[in-house]
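Here is the structure we will look at.
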Amino acid sequence: MTVLIQGGTVVNADRSFRADVLCADGVITAVGAGLEAAKGATVIDAGGQFVMPGGIDPHTHMQLPFMGTVASEDFETGTAAGLAGGTTMIIDFVIPNPQQNLMEAYRQWRGWAEKSVADYSFHVAITWWDDTVHTDMETLVKKHGVNSFKHFMAYKNAIMCDDETLVNSFTRARELGAIVTVHAENGDLVFRLQKEIFEKGISGPEGHPLSRPPEVEGEAANRAIRIAEVLNVPLYVVHNSCRQSLEAITRARNEGQRVFGEVLIAHLLIDDSVYRNEDFEFAAAYVMSPPFRSKEHQDAVWRGLQSGNLQTTASDHCCFCADQKAAGKDDFRLIPNGTAGIENRLEVLWHHGVSTGKLTMNEFVRVTSTNAAQIFNIYPRKGSISAGADADIVVWDPEASKTISTKTDHQNIDFNIFEGMTVKGCASHTISQGKVVYADGKLDVERGAGRYIDRPVFAPYYEALNIKARRGEPVAVKR
Ligand code: URP
Ligand code: ZN
Ligand code: ZN
């Protein structure tokens, strides 16, 4: 299939310029002025629109078995919803049960993901430790294109990783040239605070943020950062929601440590007042971890994104419907943690970030696509409008507007946390692997069309970096 996107302005992370974009056989074949398409090609008139790399959502949980239930969005519906919002690739998580063999869990998730309609990849969580985990990490890196390992520092008595496991896994990742990622909350503290709050008689969703204050997140972020510093492994901290974790990341980056930070679109825009709503269904729909915070913390994470100390935006798309959230009707500790957002990430960030002047269009591309591609080592195949890159593209209409609603979105969940928000600037077309999969509000996707994307390790890059740094030489290294 050949697609010609004509008359638009290409927006990459580094610059914007007027150009046509030609796609054939799944890749971008040319970017330039006055391109012509062969007979039969699909031509998209992008006059007045922006042509940007498709979004990469580096943090989703499709059909995740979690807290006694399974997330309602599966890989097919979830990747389709992403395409409707301009996101053309996800990085989801393989999360083995403690004691579950890593390779078995990996194969399980690969099987579930086969029905994806857009490209995907996996971070693999380390939830326990023994010699088989040590060996399987190598197999995953060397044979299966996994270059990132995730660690949950929260969810005690479930998937939480203790410090010993963190140290073992960070050490192994360093040997293999992989990056480590953490969900930073002190799980022991959360467990204790949850108990105290519940015993005081607070059983509703308002207990959720009380049991997970910012200090709990800041402590864990700082601990992970310092462990990574000692073990000399690059670290990516997911869903930073507060000033404390941002400060820990900023401090480490100022000291020259390779630490990256992600912020969820919802943490930028939703505050903790949602938990005080008296309607259980409403408040429970917002229960996710870390919880939504006060304005002070929202301002902090916006500043983190603007300054470049937080490099990526994600959705942490993890859908539970009202009947699933009802499991915690009498005890907030049992409300499945998770909210949706894959479809709205780009439009919400454009409206509140680019249109307000907080971010330039190029910064928008960086934090929705290019930085994730670079950090997780799939750039420039992904995250770039350039000849040779995958033809994963979003054509963006800055004049289009819509009001977000669960009635019209494509997400498989009965609640949209951005319900009623009117945004200006939306995807008019999404191109995935060179095919137009979303146009004029309609999806045209194929079950199973999504491909598993291998992500090579960083070893040569980091080795060179470390050797040069030790010698005191400049550390600019070609990848
Ligand atoms: O509450 C959340 N974020 N649920 C998904 C699992 C996680 O912690 O990322
Ligand atoms: Zn998390
Ligand atoms: Zn998550």
*Within region 207-281, helices (runs of 4 or more DSSP H) holding 2 or more residues that are within 16 Å of ligand 1 (Cβ to nearest atom)*: 207-210, 214-231, 265-269
_Can you tell me which condition SER294 does not meet? The list is (1) more than 16 Å from ligand 3 (Cβ to nearest atom); (2) in contact with a strand residue (DSSP E or B) (Cβ under 8 Å, 6 or more places away or on another chain); (3) within 26 Å of ILE385 (Cα to Cα), and all the others hold._
(3)
*Could you check, for region 349-359, whether at least one of its residues is more than 16 Å from ligand 2 (Cβ to nearest atom), modelled with pLDDT of 95 or more and of a type in the set (Val, Ile, Thr)?*
yes
*Here are some conditions: (1) open to solvent by less than 30 Å² (accessible area, probe 1.4 Å); (2) over 25 Å from ASN147 (Cβ atoms); (3) outside any loop (DSSP other than H, G, I, E, B). LEU305 meets all but one. Which one does it not meet?*
(2)
*Select from region 138-178 the residues that are under 24 Å from PHE75 (Cα atoms) and more than 16 Å from ligand 2 (Cβ to nearest atom) and write down the one among them that is most open to solvent (accessible area, probe 1.4 Å).*
LYS143
_Every residue in region 355-403 that is open to solvent by less than 10 Å² (accessible area, probe 1.4 Å), of a type in the set (Gly, Ala, Ser) and within 26 Å of THR422 (Cα to Cα), please._
SER369
*Determine which member of the set ALA248, ALA283 is buried (at least 23 other Cβ atoms within 10 Å of the Cβ) and either away from ligand 2 (no atom under 15 Å from the Cβ) or modelled with pLDDT under 95 (or both).*
ALA248
*Restrict the check to region 164-187 and report whether at least one residue is within 30 Å of LYS329 (Cβ to Cβ), within 16 Å of ligand 3 (Cβ to nearest atom) and without any contact (Cβ under 8 Å) to a residue 40 or more places away in the chain.*
yes
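Can you pull out the residues in region 251-273 that are more than 26 Å from THR339 (Cβ to Cβ) and open to solvent by 10 Å² or more (accessible area, probe 1.4 Å)? Working first, answer last.
In the first step, residues of region 251-273 are kept if they are more than 26 Å from THR339 (Cβ to Cβ); the result is 251-258.
Selection gives ARG251, ARG253, ASN254, GLU255, GLY256, GLN257, ARG258.
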*Starting from residues that are within 21 Å of CYS426 (Cβ to Cβ) and without any contact (Cβ under 8 Å) to a residue 60 or more places away in the chain, keep the ones in region 44-67 and report whichever is surrounded by the fewest Cβ atoms within 10 Å (Cβ to Cβ).*
GLY47
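Going through GLN108, GLN194 one at a time, which residue ends up being part of a helix (DSSP H, G or I), at pLDDT 95 or above and closer than 22 Å to ASP74 by Cβ?
Working: GLN194 fails: closer than 22 Å to ASP74 by Cβ.
Of GLN108, GLN194, the one residue that is part of a helix (DSSP H, G or I), at pLDDT 95 or above and closer than 22 Å to ASP74 by Cβ is GLN108.
The values are calculated or read from the model by the stated rules, or taken from the named source; none is laboratory data. Here the structure is a predicted model, which means the values were calculated and not measured. When we count neighbours, we look across all protein chains shown, and the Cβ atoms used for this are built from the backbone with ideal geometry, even at glycine. Heads up: the accessible areas ignore ligands, DNA and RNA and are worked out on the full protein's heavy atoms, side chains in. Shrake-Rupley method; radii C 1.70, N 1.55, O 1.52, S 1.80 Å.
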